[in-house]
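Notes for the one structure printed next.
The values are calculated or read from the model by the stated rules, or taken from the named source; none is laboratory data. Only a predicted model underlies this, so the values are computations on that prediction, with no experimental measurement involved. Cβ coordinates were reconstructed from backbone atoms using ideal geometry, including for glycine residues, and neighbour counts include every protein chain displayed.
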Amino acid sequence: MKLYSCLMLAFAWVAAVLFLLAGGMLTYEVTARYLFVAPTIWAAELSQLCLIWGSMTAMPWLLGARRHIGVDVVTERLGPVGKRICHSLAMIAVAAFGAAVAWKGWGIFWDSFERGRTTGSMLDLPTWVSELAIPVGFGLLFVQALVELPKASDADRKEEPTA
């Protein structure tokens, strides 16, 4: 489990770097376009790719670190057993959703890969490069939800994450 936690933290750091790269690319694009009247053909598409991969690879760490947005108006009024049940049901729902999206996303990725689809833009990247992020990200989210499921039954579970 320690290796898996380190891997998820590494994915979170990669996501952070991808978000910084996207911001840098967009800043460069705006500067090049409006200050030098020399727009790029790559900045918008590559920044979108960074945002897609960054979002998808950050999801499992966010779930494990309990950093997702949560509405707890009901669960805060429940006792410890009710909270554990709600957390368990939520992790089951997240796992089911992650598995379904990963499965469907894999089919979309594979179809684009086999057909050689491209974005049709000036950069003309293969579409599978961005589509692969969906099954990878949601597959990792599925695994993370399964990792979190036993924690719901832990009576001494802390409310704040340790990582």
Count - residues of the stretch 127-153 that are exposed (fewer than 15 other Cβ atoms within 10 Å of the Cβ) and over 23 Å from Leu7 (Cα atoms): 1
Lone qualifier among Ala38, Ala10 - being outside any loop (DSSP other than H, G, I, E, B) and out of contact with any Pro (no Cβ under 7 Å at 6 or more places or on another chain): Ala10
Any hit, the stretch 81-94, residues being under 30 Å from Met122 (Cβ atoms) and either out of contact with any Leu (no Cβ under 6 Å at 6 or more places or on another chain) or in a helix (DSSP H, G or I) (or both): no
Number of positions in the stretch 89-147 that are more than 23 Å from Ala43 (Cα to Cα) and touching a strand residue (DSSP E or B) at 6+ places or on another chain (Cβ under 7 Å): 0
Some residue of the stretch 50-66 being surrounded by 13 or more Cβ atoms within 10 Å (Cβ to Cβ) and not in a helix (DSSP H, G or I): yes
Positions within the stretch 106-151 being of a type in the set (A, V, I, L, M, F, W, C) and without any contact (Cβ under 8 Å) to a residue 24 or more places away in the chain, in sequence order: Trp110, Phe113, Trp128, Leu132
Failed item in (1) under 23 Å from the mean Cα position of the chain (by Cα); (2) surrounded by fewer than 16 Cβ atoms within 10 Å (Cβ to Cβ); (3) more than 21 Å from Ser153 (Cα to Cα), with Ala96 passing the rest: (3)
Failed item, numbered, when Trp103 is tested on (1) closer than 23 Å to Val14 by Cβ; (2) touching a Pro at 6+ places or on another chain (Cβ under 9 Å); (3) hydrophobic (A, V, I, L, M, F, W, C): (1)
Residue, nearest to Leu146 (Cα to Cα), within the stretch 31-62, restricted to residues that are among the hydroxyl-bearing types (Ser, Thr, Tyr) and without any contact (Cβ under 8 Å) to a residue 24 or more places away in the chain: Thr40
Residue list for the stretch 35-56, restricted to those being modelled with pLDDT of 95 or more and β-branched (Val, Ile, Thr): Ile52
Those residues of the stretch 117-140 which are part of a strand (DSSP E or B) and hydroxyl-bearing (Ser, Thr, Tyr), in sequence order: Thr118
